[in-house]
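K.L.:
Structure in structure tokens, see below.
The values are calculated or read from the model by the stated rules, or taken from the named source; none is laboratory data. Computed from a predicted structure; not experimentally measured. No Cβ is skipped: glycine too gets one built from the backbone with ideal geometry, and neighbour counts run over all protein chains shown. Note: areas computed on protein heavy atoms with side chains; ligands, DNA, RNA excluded. Shrake-Rupley method; radii C 1.70, N 1.55, O 1.52, S 1.80 Å.
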Amino acid sequence: MEPIVRFEAVTKAYGKSVAVDALDLDIAPGEFVTLLGPSGCGKSTTLRMLGGFETPNSGRILLAGRDVTRLPPNKRDVNIVFQDYALFPHMTIAKNIAFGLELKGLESAAIHRRVGELLDLVQLGDYAARMPHELSGGQRQRVALIRALAPDPQILLLDEPLSALDAKLRGQMQMELKAIQQRTGKSFLFVTHDQEEALTMSDRIVVMNAGRIEQMGTPEALYGRPASRFVASFIGDTNLLDCSVVSADGPRVALDWQGVAITAARGETSPAPGTRARLAVRPEAIRLFPAEPDTANRVRGRVSRRVFKGNHALLSVEVDGRGQIEALVDPLDLAVPTEGEVWLGWRAENAVVLRD
Ligand code: ADP
């Protein structure tokens, strides 16, 4: 299938500082893609180049196969939603949504129909005649979203649109946004520095670091098989074990962690025997046992700290002189030992060798 958006070796520099560095990225029709990364990694610049608010120094941007690299915003079929989504305060909700359609020269009957459909899409059918100040923050945000969808853009760009909302409303809006995206079948390109938000909504996450793509994949793939230390640490929490490589013949790698034999997945690396390798294991992949388990990886330790967090507890286990390993456990599971001497066990596929 032809991508709806294609970035080809797109570079943008401000003076000597390179904000986006030779970016290649395809977005499929109907796909929800999130650009995720720390502040300053080039997410907004990427979005703004697709919106036409910035021009790349080199490379091409294609929209439905057409080169739009140097076209102004109003000459490309995209729309953008920002964090401060200001509705026109003196216009009704219906007028707010109709505004862009009137600019496009649609007939009033068609506009009326489209506004009605969109309001129904976000369950605001009864609010057409209200003024923006009569709506809650979440309702205004939904209106801003359908206003941006009204002219039927080929892709909707969203630049941290939820970051001003409180945590609860934000969670609800994440679900709502995803539902609207699925119901309309539109491609969404979403920018956030919030990993949880990215994991919740995206079909695919593009992790950016210093203007480059560090890794991209489904939320499950990025979380379960991070390729680099950056991704493993940026998305979720992880144990990092500094190992040496014993052998690496197939998909599994044999490692040595200070005298403990470890089997792990090779990830995106090609480790050579005798070299150092850093291993990532998620705290929830570590199981605790009262006696030696038969898991591929196991090591003895002593619980040094236990932090109760409600629906889970985080245990720090000191593995004699080698360091701490953190494990996430279910506080209601009475079979799990939570103090004193314990065994830790984890499966080979839950430990992945990282690139630096
Ligand atoms: P993010 O959205 O990931 O926080 P940005 O794309 O906004 O990152 O910025 C990427 C880099 O480009 C940063 O170093 C930022 O300081 C720089 N930058 C962004 N916009 C401008 C600008 N208009 N002028 C100069 N530097 C800019």
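K.L.:
Just for region 38-52: of the residues that are near the ligand (Cβ under 10 Å from one of its atoms) and of a type in the set (A, V, I, L, M), which one is farthest from Tyr14 (Cα to Cα)?
P.N.:
Let us first name the residues in region 38-52 that are near the ligand (Cβ under 10 Å from one of its atoms), namely 38-49.
Cutting the leftovers down to of a type in the set (A, V, I, L, M) gives us 47, 49.
Values: Leu47: 16, Met49: 13 Å.
Step by step, filter region 38-52, then rank; the result is Leu47.
K.L.:
Can you tell which of Ile213, Ile205 is open to solvent by 50 Å² or more (accessible area, probe 1.4 Å) and modelled with pLDDT of 95 or more? Before the answer, list the steps.
P.N.:
Numbers: Ile205 fails: open to solvent by 50 Å² or more (accessible area, probe 1.4 Å).
Testing whether each residue is open to solvent by 50 Å² or more (accessible area, probe 1.4 Å) and modelled with pLDDT of 95 or more leaves just Ile213.
K.L.:
Let me ask something else. If the requirement is being within 32 Å of the chain's Cα centre (by Cα) and touching a residue at least 60 places away in the same chain (Cβ under 8 Å), which of these qualifies: Val281, Val317? First the steps, then the outcome.
P.N.:
Numbers: Val317 fails: touching a residue at least 60 places away in the same chain (Cβ under 8 Å).
Answer to the selection: Val281.
K.L.:
Ok, one more. In this structure, is Arg300 in contact with a Phe, Trp or Tyr (Cβ under 9 Å, 6 or more places away or on another chain), of a type outside the set (A, V, I, L, M) and either buried (at least 16 other Cβ atoms within 10 Å of the Cβ) or at negative phi (or both)? Explain how you work it out, then say what you get.
P.N.:
Numbers: in contact with a Phe, Trp or Tyr (Cβ under 9 Å, 6 or more places away or on another chain): yes; of a type outside the set (A, V, I, L, M): yes; either buried (at least 16 other Cβ atoms within 10 Å of the Cβ) or at negative phi (or both): yes.
The answer is yes for Arg300.
K.L.:
Is there a residue in region 116-123 that is over 14 Å from Leu145 (Cβ atoms), in contact (Cβ under 8 Å) with a residue 40 or more places away in the chain and either among the charged types (D, E, K, R) or not in a strand (DSSP E or B) (or both)?
P.N.:
no
K.L.:
Can I ask one more? Does any residue of region 226-243 turn out to be outside any strand (DSSP E or B), of a type in the set (A, V, I, L, M) and either open to solvent by 60 Å² or more (accessible area, probe 1.4 Å) or touching a Gly at 6+ places or on another chain (Cβ under 9 Å) (or both)? Let's see the steps before the verdict.
P.N.:
Going through region 226-243, the residues outside any strand (DSSP E or B) turn out to be 226-227, 229-238.
So of that shortlist, the ones also of a type in the set (A, V, I, L, M) come out as 227, 231-232, 235.
If we keep only those that are either open to solvent by 60 Å² or more (accessible area, probe 1.4 Å) or touching a Gly at 6+ places or on another chain (Cβ under 9 Å) (or both) as well, we get 227.
Looking through region 226-243, at least one residue is outside any strand (DSSP E or B), of a type in the set (A, V, I, L, M) and either open to solvent by 60 Å² or more (accessible area, probe 1.4 Å) or touching a Gly at 6+ places or on another chain (Cβ under 9 Å) (or both).
K.L.:
Please identify the pairs in which a residue from region 293-308 that is within 11 Å of Val260 (Cβ to Cβ) has its Cβ atom under 8 Å from the Cβ atom of a residue that is of a type in the set (Lys, Arg) and at pLDDT 95 or above, counting only partners at least 6 apart or on another chain.
P.N.:
Asn297/Arg347
K.L.:
If you go through region 154-164 one residue at a time, do you hit one that is in contact (Cβ under 8 Å) with a residue 60 or more places away in the chain, of a type in the set (A, V, I, L, M, F, W, C), closer than 19 Å to Leu47 by Cβ and surrounded by fewer than 20 Cβ atoms within 10 Å (Cβ to Cβ)?
P.N.:
Looking through region 154-164, at least one residue is in contact (Cβ under 8 Å) with a residue 60 or more places away in the chain, of a type in the set (A, V, I, L, M, F, W, C), closer than 19 Å to Leu47 by Cβ and surrounded by fewer than 20 Cβ atoms within 10 Å (Cβ to Cβ).
K.L.:
Sticking with this structure for a sec: Looking for something closer than 21 Å to Gln139 by Cα, within 14 Å of the ligand (Cβ to nearest atom), touching a residue at least 60 places away in the same chain (Cβ under 8 Å) and not aliphatic (A, V, I, L, M) - is there at least one such residue anywhere in region 199-211? Steps first, please.
P.N.:
Step one: list which residues in region 199-211 are closer than 21 Å to Gln139 by Cα, which gives 200-201.
From what's left, within 14 Å of the ligand (Cβ to nearest atom): none.
Within region 199-211, not a single residue is closer than 21 Å to Gln139 by Cα, within 14 Å of the ligand (Cβ to nearest atom), touching a residue at least 60 places away in the same chain (Cβ under 8 Å) and not aliphatic (A, V, I, L, M).
K.L.:
Further question: Among the residues of region 202-221, which ones are assigned to a helix (DSSP H, G or I) and more than 21 Å from Gly171 (Cα to Cα)? First the steps, then the outcome.
P.N.:
Within region 202-221, the subset assigned to a helix (DSSP H, G or I) is 219-221.
Correct list: Ala221 only.
K.L.:
Please work out if Pro72 is within 13 Å of the ligand (Cβ to nearest atom), touching a residue at least 12 places away in the same chain (Cβ under 8 Å) and not aliphatic (A, V, I, L, M). Give the derivation first.
P.N.:
Working: within 13 Å of the ligand (Cβ to nearest atom): no; touching a residue at least 12 places away in the same chain (Cβ under 8 Å): yes; not aliphatic (A, V, I, L, M): yes.
The answer is no for Pro72.
K.L.:
Based on this model, can you work out whether Lys168 counts as outside the structural domain of Glu349 (by TED's automatic domain parsing), outside any loop (DSSP other than H, G, I, E, B) and surrounded by fewer than 16 Cβ atoms within 10 Å (Cβ to Cβ)?
P.N.:
yes
K.L.:
Right, another one. Based on what the data block shows, is Lys75 surrounded by fewer than 20 Cβ atoms within 10 Å (Cβ to Cβ), among the basic types (Lys, Arg), under 24 Å from Gln141 (Cα atoms) and in the same structural domain as Gly15 (by TED's automatic domain parsing)?
P.N.:
Details: surrounded by fewer than 20 Cβ atoms within 10 Å (Cβ to Cβ): yes; among the basic types (Lys, Arg): yes; under 24 Å from Gln141 (Cα atoms): no; in the same structural domain as Gly15 (by TED's automatic domain parsing): yes.
Against the criterion (surrounded by fewer than 20 Cβ atoms within 10 Å (Cβ to Cβ), among the basic types (Lys, Arg), under 24 Å from Gln141 (Cα atoms) and in the same structural domain as Gly15 (by TED's automatic domain parsing)), Lys75 does not qualify.
K.L.:
Okay, moving on. Can you tell me which residues in region 175-195 are assigned to a helix (DSSP H, G or I), open to solvent by 10 Å² or more (accessible area, probe 1.4 Å) and closer than 18 Å to Gly138 by Cβ?
P.N.:
Filtering region 175-195 down to residues assigned to a helix (DSSP H, G or I) leaves 175-184, 195.
Those still in the list that are open to solvent by 10 Å² or more (accessible area, probe 1.4 Å) too: 175-176, 178-179, 182-184, 195.
Once the filter is applied, which keeps residues that are assigned to a helix (DSSP H, G or I), open to solvent by 10 Å² or more (accessible area, probe 1.4 Å) and closer than 18 Å to Gly138 by Cβ, region 175-195 yields Met175, Glu176, Lys178, Ala179, Arg183.
K.L.:
Moving on to the next point. Do any residues in region 24-40 that are open to solvent by 10 Å² or more (accessible area, probe 1.4 Å) have Cβ atoms under 8 Å from those of residues that are within 12 Å of the ligand (Cβ to nearest atom), where the two are at least six apart or on different chains, and which pairs are they?
P.N.:
Pairs found: Pro38/His193; Pro38/Asn209; Ser39/His193.
K.L.:
Report whether or not Thr55 is surrounded by fewer than 20 Cβ atoms within 10 Å (Cβ to Cβ) and within 16 Å of the ligand (Cβ to nearest atom).
P.N.:
Considered against the rule, which asks whether it is surrounded by fewer than 20 Cβ atoms within 10 Å (Cβ to Cβ) and within 16 Å of the ligand (Cβ to nearest atom), Thr55 comes out as yes.
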